[in-house]
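Notes for the one structure printed next.
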Amino acid sequence: MKRIYLDYAASTPVDKRVLEAMQPYFTEKYGNPGSLHAFGQEAIAAVDKSREKVAESIGAKFEEIIFTGSATEANNLALRGFVKSNEVNKIVVSAVEHESVLKTAQDLEEENVEVVVVPVSKDGLVDLEKLKAALDRKTALVSVIYAQNEIGTIEPIAEISKMVKAFNPEILVHTDAVQAFQYLDCDVGKLGVDLMTLSAHKIYGPKGIGALYVNSRLPAMRALITGGGQEFGLRSGTENVPNIVGFAKAVELVSHSRELESKRVGELRDYFWSELKKIHPGAGQNGGEPGLPNILNVHFPDSRAEDLLIKFDKAGIAVSSGSACSARSAEPSHVLQALGLPMEAVKSSIRFSLGRFTSEREIKETLERIIRSII
Ligand code: PLP
């Protein structure tokens with residue numbers, strides 16, 4: 001039985017063209033970018049070129065891209081980097097942030113930082129009135145996810161930035177654009193953000209590499225990892241050259257394919273959902289519009305997500321439940337709970353996420369297997 005992967009929001013396969021770009025940096029061009037000899041120069045040139053490409057893709061400057069070991073680390077740097085340096089005492093986040101923002105905010109509460117978690121609508125959209133009401137003199141940073149990883153909801157980041165800056169231009173706006181990057185325009189100027197998180201392994205690049213965009217006009221941040229001063233002093237440690245090169249290649253490929261891929265994947269997702277509803281009329285979609293074209297989160301009445309996951313896996317279909325991209329945890333999803341769904345729905349929800357290698361044939365085969373052995 002051929003396995004079908006419908007969990008692209010958890011991670012994506014490395015595109016062959018990305019792998020090809022990375023390979024020489026493991027075996028032939030293995031110098032340390034910090035070394036002054038030719039091997040080092042070759043490595044730093046690759047890092048520089050990659051930084052340039054990533055910067056260009058989001059309308060940023062070369063020196064505004066900080067490569068990190070993951071998007072989780074980038075989110076930590078965004079929140080902790082300023083809290084430490086500015087003695088900030090209030091940050092505002094949405095209730096549907098990825099754990100790497102929410103848990104970091106919770107952790108900062110232990111350091112006397114006040115944290116306000118802004119609720120969302122039943123579709124997952126941040127309540128802008130409540131966000132506005134949470135802003136005050138003490139607020140230093142607002143962090144709202146661009147596209148939610150479990151339900152796909154797209155938040156109005158440009159509008160949020162405008163609102164926050166109108167209240168006080170000194171308040172920093174951060175967005176986690178990890179899931180958004182494949183499908184949405186992530187130009188930092190248009191979004192009006194000061195900080196933005198990206199990740200390679202959600203866009204057909206390698207795992208273990210992320211980036212934080214940091215507006216060069218911001219006050220100095222404090223590094224989380226200190227040492228040799230790499231990444232403009234914000235992230236010490238020898239640069240992961242193959243991963244950085246792979247990240248940039250993945251970014252380049254996405255930048256060329258965004259529109260077409262959004263259309264193709266969106267049509268497949270809509271077809272899948274319309275057929276799935278025929279098979280299981282009681283199934284309901286979690287989250288709403290505007291949403292990413294590749295994510296479909298569905299609750300199946302009278303089922304348990306754990307049982308469904310096992311059935312899907314036995315049928316050769318990889319999907320996920322709740323916040324499975326963060327941990328092997330069976331905890332009910334904080335995102336689905338934030339939508340106000342009843343607990344039965346939260347506990348019976350499955351996320352299907354499509355991607356670059358999902359074909360119509362695979363979707364039809366998935367539907368057949370669902371009829372045959374799942375529902
Ligand atoms: N932010 C979002 C929206 C995600 O979907 C993920 C993925 O798990 C992360 C952050 C964390 O990314 P990473 O695995 O690179 O730490």
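The values are calculated or read from the model by the stated rules, or taken from the named source; none is laboratory data. The structure displayed is predicted, hence computed values, not measured ones. Note: ideal-geometry Cβ built from the backbone for every residue, glycine included; neighbour counts use all protein chains shown. Remember, those area values only see protein heavy atoms, side chains included, never the ligands or the DNA or RNA. Shrake-Rupley method; radii C 1.70, N 1.55, O 1.52, S 1.80 Å.
Some points to look at:
- Per residue, the convex hull volume that the Cα atoms of the stretch 34-98 enclose (Å³): 127 Å³
- Under 27 Å from residue 277, Cα to Cα: lysines that are on another chain or at least 8 residues apart: 2, 122, 263, 311, 314, 347, 364
- The portion of the accessible surface of the chain made up by carbon and sulfur, rounded to a whole percent, is 51 (1.4 Å probe; DNA, RNA and ligands excluded).
- Alpha carbon convex hull of the stretch 220-375, projected area averaged over orientations, nm²: 12.5 nm²
- The modelled label-to-label distance for the pair residue 368/residue 259, using points 7 Å beyond Cα in the direction of Cβ, is 3.6 nm.
- Ranking 30, 25 from most to least accessible surface, computed with a 1.4 Å probe over the protein chains only, gives 30, 25.
- Taking a ≥ b ≥ c as the square roots of the eigenvalues of the Cα gyration tensor, the stretch 1-126 is classed as oblate, since a/c reaches at least 1.5 and a/b does not exceed b/c.
- Here the stretch 91-168 and the stretch 1-37 have alpha carbon centers that stand 33 Å from each other.
- Using the Karplus relation 6.51 cos²θ - 1.76 cosθ + 1.60 with θ = phi - 60°, the per-residue 3J(HN,Hα) values for the stretch 179-192 come to 7, 6, 4, 5, 10, 10, 5, 10, 5, 5, x, 5, 6, x Hz, with x marking Gly and Pro.
- Cleavage-rule hits, trypsin sites (Lys or Arg not before Pro), the stretch 27-78, DSSP coil, Cβ neighbours within 10 Å at most 15: 61
- When all alpha carbon pairs of the chain are counted in 20 Å bins from zero, the resulting P(r) reads 29, 56, 15, 0 %.
- Taking trypsin sites (Lys or Arg not before Pro) across the stretch 218-256, the ones in a DSSP loop with at most 15 further Cβ atoms lying within 10 angstrom of their Cβ are 222.
- Distant-in-sequence amide contacts of residue 68, defined by a placed amide H-H separation under 5 Å and a gap of 5 or more residues or a different chain, comprise 210, 211, 212.
- Built amide H within the under 5 Å cut-off of residue 143, gap 5+: 92, 93, 94, 174
- Fraction of antiparallel bridges per DSSP, the chain only, in percent to nearest 5: 50 percent
- Mean accessible surface per residue for the chain, computed with a 1.4 Å probe while every protein chain stays in place, in Å²: 44 Å²
- Sparsely packed loop sites in the stretch 193-289 (the GluC sites (Glu not before Pro) outside DSSP H, G, I, E and B with at most 14 other Cβ atoms within 10 Å) do not occur.
- CD proxy at 222 nm, helix term only [per DSSP H run n ≥ 4: -39500 (n - 2.57); per residue of the chain; nearest 500]: -12500 deg cm²/dmol
- Charge dipole of the stretch 67-170 (Cα centre as origin; +1 on each Lys and Arg Cβ, -1 on each Asp and Glu Cβ, all else neutral): 340 debye, rounded to the nearest 20.
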